[in-house]
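Some notes on the structure that comes next.
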Amino acid sequence: MTDALDSITILVVDDERDIREGSARILSKMGCEVRTADRGETGLELLEEKPAALVLLDMKMPGMDGMEVLKLVRQNYPDTLVVVITGFATVETAIEAMKAGAYDFIPKPFEPDQLRIVVNRAWEKIRLSAEAERLAAERQRTLADLGTQKSRIHTILASLPSGTAVTDTNGQVVLMNPAFKRQLAIAADAALGKPIGEYISDQGLNDLIMDISRGRHIDYDDIPVYEFSMENNQYFMAAGRPVLGENNACLGAVISITDISTMKSLDQLKSEFVAKVSHELRSPLSTIHEQLAVVINGIVEVAPESDQQILSRAKEKTFGLISLISDLLDLSRIEEGAICRDIRSIPVVDLLTNIVDFLKARSDKKNQTLALEIDSKDIPEITADAIALESVFGNLITNAINYTPDGGSITVKVDMAGINIRVQVIDNGFGIEAKHLENIFDRFYRVKNEKTRFITGTGLGLPIVRELVSSMGGMVDVESTPGNGSTFTVLLPTTGQ
């Protein structure tokens, strides 16, 4: 048993001087603050001046005896422990003292180690009692904080403009804010605790919420969003996340619903504007392009070379505008969901063979080598829209031809990457600087430098590729080194959409 204790105040009440002084020496060395009294009345007065955590009390003293002092201490100082000191250490005396509220007893005469043991035991009791009181106070404070926090959370959720709901692992609703009820036409006084399907009629949204609630999206960051509409022509977007507890266990889901009606209206207006303007422009531009071709062919032998170059440049720019209009229309159709509708089984190798054969004439004009490599004998068919696939690989191969100098090489490589078909378009062309790589799939973004500034393009080919590949459940990536060429990689799932 260690002699080291935190500071504690002990009162020794005994009519024997040797007991008082000896106890004081032993306890002081243990780090205790010790006071002494030779009579019961004096001890009570000292307690009134300054309470003590522990009282060592002799049972037999002149005047007020120890038993009477014990009863008064227990009555007036219930938190103070009392250890009785008695020369009559019989079982009956100990039992009587314990019944009166004594914590322990020590017989006379006692050794220093006996006193240390008894005091250490009493101090441990005091320490544990103080810790229990602290924990109880902290628990009460925590409960109060929880109540306040709960009130704050409800206040915050109630003020959110977006609809918010929380479900448990069974898909039962445990919380809905007013915006959620208003957006989904749920009665304001609707009771909680029912399955989500009793509040929402859209089956797709119900399925998403149930999947998240049951933990099917814990290990995925790309949880799908869900768009749906109500009968009043309002459009909403729902996004959800799992609520995780200890050990990453799913406790339910939190769903946020945003009104996107205005965005939908703007998208519709934009698509209509693009379609109208594009149709109005494409016809006259095509006429101008054809007429320029006729003029150029007619003056080859009579017009100066400088004039021919000017007309050829005008024809090239006209063709660029026609390409821009076509790309804008493609993007508009993609956004409207008017593309990728003719879903059927497509033999990818045959499709790529046809594209490569078609574009070979263009690469031959630049003395380039364009080849198709098939690294696997078992390339399965893919369920997709043939026109969309042609647009994806046509854009990538055309870009490789345009951005590879004369005499360069382009390789289209096909193999399997797990369950995905991997198509790589590899060239040894100009390459792309690292600072441009994160932007090349943005609309109208073009890399312009001394080598590429004369190449005609719209800056929409790669955005179209990304949108189409994404709509087919795939992904597209690029690796490039300036001066050494680029590799565009497309991964497409072999399972149906």
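Residues checked against (1) farther than 27 Å from SER471 by Cα; (2) modelled with pLDDT of 80 or more:
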residue	(1), (2)
TYR220	no, no
PHE228	no, yes
TYR235	no, yes
ALA238	no, yes
PRO242	no, yes
GLU246	yes, no
CYS250	yes, yes
THR258	no, yes
SER261	no, yes
Single match in LYS60, LYS71, LYS50, LYS99 (criterion: surrounded by fewer than 14 Cβ atoms within 10 Å (Cβ to Cβ), basic (Lys, Arg) and touching a strand residue (DSSP E or B) at 6+ places or on another chain (Cβ under 8 Å)): LYS50
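Results for (1) closer than 18 Å to VAL119 by Cβ; (2) free of Cβ contacts under 8 Å to residues at least 24 places away in the same chain; (3) not assigned by TED's automatic domain parsing to the domain that holds ALA122; (4) not small (Gly, Ala, Ser), shown as yes or no for each residue.
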{"site": "ARG20", "(1), (2), (3), (4)": "yes, yes, no, yes"}
{"site": "MET30", "(1), (2), (3), (4)": "yes, no, no, yes"}
{"site": "PRO51", "(1), (2), (3), (4)": "yes, no, no, yes"}
{"site": "VAL55", "(1), (2), (3), (4)": "yes, no, no, yes"}
{"site": "MET59", "(1), (2), (3), (4)": "yes, no, no, yes"}
{"site": "VAL84", "(1), (2), (3), (4)": "yes, no, no, yes"}
{"site": "GLY87", "(1), (2), (3), (4)": "no, no, no, no"}
{"site": "GLU92", "(1), (2), (3), (4)": "no, yes, no, yes"}
{"site": "ALA97", "(1), (2), (3), (4)": "yes, no, no, no"}
Residue check for SER480: assigned by TED's automatic domain parsing to the domain that holds ASP385, at pLDDT 80 or above, assigned to a strand (DSSP E or B) and within 30 Å of LYS315 (Cβ to Cβ): no
In the stretch 260-269, residue surrounded by the most Cβ atoms within 10 Å (Cβ to Cβ) [restricted to those that are in contact with a strand residue (DSSP E or B) (Cβ under 6 Å, 6 or more places away or on another chain) and not basic (Lys, Arg)]: ILE260
Residue in the stretch 350-381 that is surrounded by the most Cβ atoms within 10 Å (Cβ to Cβ), counting only those that are touching a helix residue (DSSP H, G or I) at 6+ places or on another chain (Cβ under 8 Å) and part of a strand (DSSP E or B): LEU370
Qualifying position, being of a type in the set (Lys, Arg) and either in a loop (DSSP other than H, G, I, E, B) or not assigned by TED's automatic domain parsing to the domain that holds GLU467 (or both), among ARG422, ARG443: ARG443
Residue among SER486, SER471 that is touching a helix residue (DSSP H, G or I) at 6+ places or on another chain (Cβ under 9 Å), surrounded by 16 or more Cβ atoms within 10 Å (Cβ to Cβ), modelled with pLDDT of 85 or more and assigned by TED's automatic domain parsing to the domain that holds ALA384: SER486
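This table checks each residue for (1) of a type in the set (S, T, N, Q); (2) modelled with pLDDT under 85; (3) touching a Gly at 6+ places or on another chain (Cβ under 8 Å).
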{"site": "ALA165", "(1), (2), (3)": "no, no, no"}
{"site": "LYS181", "(1), (2), (3)": "no, no, yes"}
{"site": "LYS194", "(1), (2), (3)": "no, no, no"}
{"site": "ARG216", "(1), (2), (3)": "no, yes, no"}
Qualifying residue in the stretch 382-396 (condition: of a type in the set (D, E, K, R), surrounded by fewer than 18 Cβ atoms within 10 Å (Cβ to Cβ) and either over 20 Å from ARG466 (Cβ atoms) or touching a residue at least 40 places away in the same chain (Cβ under 8 Å) (or both)): no
Near pairs, Cβ below 6 angstrom, 6+ apart or cross-chain, from the stretch 362-377 (basic (Lys, Arg) and at pLDDT below 90) to any residue that is in a strand (DSSP E or B) and surrounded by fewer than 14 Cβ atoms within 10 Å (Cβ to Cβ): none
Filtered residues of the stretch 227-268 (kept if closer than 16 Å to LEU184 by Cβ and charged (D, E, K, R)): GLU227, GLU231, ASP259
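The values are calculated or read from the model by the stated rules, or taken from the named source; none is laboratory data. Quick caveat, the model's predicted, so the values are computed rather than measured. Cβ: placed from backbone, ideal geometry, glycine included. Neighbour counts: every protein chain shown.
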